[in-house]
Ligand SMILES: C[S@@+](CC[C@H](N)C(=O)[O-])C[C@H]1O[C@@H](n2cnc3c(N)ncnc32)[C@H](O)[C@@H]1O
């Protein structure tokens, strides 16, 4: 089954491309910067549309009829990158707009990406409250791109939500596939750059500027400067400045952001540098998307979710369970379904036997196993009851 995606604040399409490569069907994207829109539209079959996402009502009107499985997006990070409450107060509104759009459309899932420090910002606290009130369970993690198939030590915060799930619902899927060692430029690009060392202009000279291709690259930022005359050097530089050390080209920076070699670029050099620096590395987006897809494919689908509302009422009326226990049963049911898909007409003994043969299930504690089996049993009893009613 194909899962549809709408990308907000889509930029030149780093996050969209990652989701597309993971197997999602990206159907629409919104952005308000024309250069980024032009670049995005060169690379996808659907188009990015110009929209100021401060206008929540306009966004909801456009997107709601598409009924996407998930909305993804990274509101602008400048608000948080250079900290300062004054700046945050001015622009953090877009993080809140994103949350309001999610709250009004209520897609099954969403992914919000931002700089690592956004997690402790006031704007995020407001957005988080909106997500929780709307009924989303959240996985909140900072990922380092170099452990997710990207030769760059960029750190990014992801808040991933799913309706009706407990907090942390995606943690094990998201963290379980991190590589055990960081990816270097040589690992990813071989000797495509044709240089062993390169210059990345530091924010100030207390930081180093010369890097080796045998380490992950530092974060690709939105500006790219030549080596200034009289660069003083730094004790941690990978080598001393010499004729073979050079800054990376715009294209090379895009490659380190893991954009495919045939990604098409348009616009002034300054604009391209900016959109490349803004982007979610394609492979980081793909990494997150794969975890989400795994969850969506392994968990109960939309039709069954509707069914869960009747299951909830049945547990209350027939089994006299309190709402807390009902929520526990439902989250266990979703969990057990991730180990082994549960069909409405399954035989509980056969199902339990098959479950026992799944290593990941067998390695759970006895009490977890017993809770999960009980949830499956209750659900099958309910399914049987529903069948009997519809046949009578
Ligand atoms: C962090 S970048 C997103 C990068 C993108 N996710 C990617 O992977 O390529 C944030 C984007 O938000 C856009 N933006 C800023 N203000 C906006 C607004 N009011 N409405 C829509 N887009 C906006 C910026 O132009 C920028 O491209």
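FYI, it's all coordinate maths here, none of it is from the lab. Here the structure is a predicted model, which means the values were calculated and not measured. As a convention, Cβ positions derive from the backbone with ideal geometry for all residues, glycine included, and neighbour counts pool all protein chains shown.
Numbers below:
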quantity: Sites residue 349 and residue 55, calculated FRET efficiency, Cβ-Cβ separation with R0 45 Å, nearest 0.05; calculated: 0.20
quantity: Volume per residue that the Cα convex hull of the chain spans, once the total is divided by residue count, Å³; calculated: 164 Å³
quantity: Relative contact order (%) - criterion: Cα under 8 Å, at least six apart; region: the chain; calculated: 14 percent
quantity: Spatial separation of Cα centroids for segment 1-70 and segment 157-187, in angstrom; calculated: 22 Å
quantity: The chain: most fluctuating residue of 115, 126, 280 per GNM, C-alpha cutoff 10 Å; calculated: 126
quantity: Expected 222 nm ellipticity per residue - DSSP helices of 4 or more, -39500 (n - 2.57), all of the chain, to 500; calculated: -13500 deg cm²/dmol
quantity: Rough spin-label spacing in nm, given labels placed 7 Å along Cα→Cβ, for residue 391 and residue 125; calculated: 5.7 nm
quantity: Candidates 133, 144, 250: whichever shows maximal mean-square fluctuation once the chain is modelled as a Gaussian network with Cα springs under 10 Å; calculated: 133
quantity: Isotropically averaged projected area of segment 302-391, using the convex hull of Cα atoms (one quarter of hull area), nm²; calculated: 5.8 nm²
quantity: Difference of contour (0.36 nm per residue) and Cα-Cα distance, residue 223 to residue 316; calculated: 27.6 nm
quantity: Whole-Å distance, taken between Cα centres, linking segment 211-228 and segment 361-381; calculated: 50 Å
quantity: Cα-only Debye scattering, segment 100-239: base-10 log of I(q)/I(0) at q = 0.09, 0.15, 0.17 Å⁻¹; calculated: -0.40, -0.85, -0.96
quantity: Counting all C-alpha pairs of segment 173-321, share separated by more than 27 Å (%); calculated: 43 percent
quantity: Residue 368/residue 47 FRET efficiency (R0 45 Å; Cβ-Cβ; nearest 0.05); calculated: 0.45
quantity: Angle in degrees between helix 269-278 and the longest Cα principal axis of the chain, rounded to the nearest 10; calculated: 40 degrees
quantity: Cα-only radius of gyration and Dmax that characterise segment 239-392, units Å; calculated: 25.3, 85
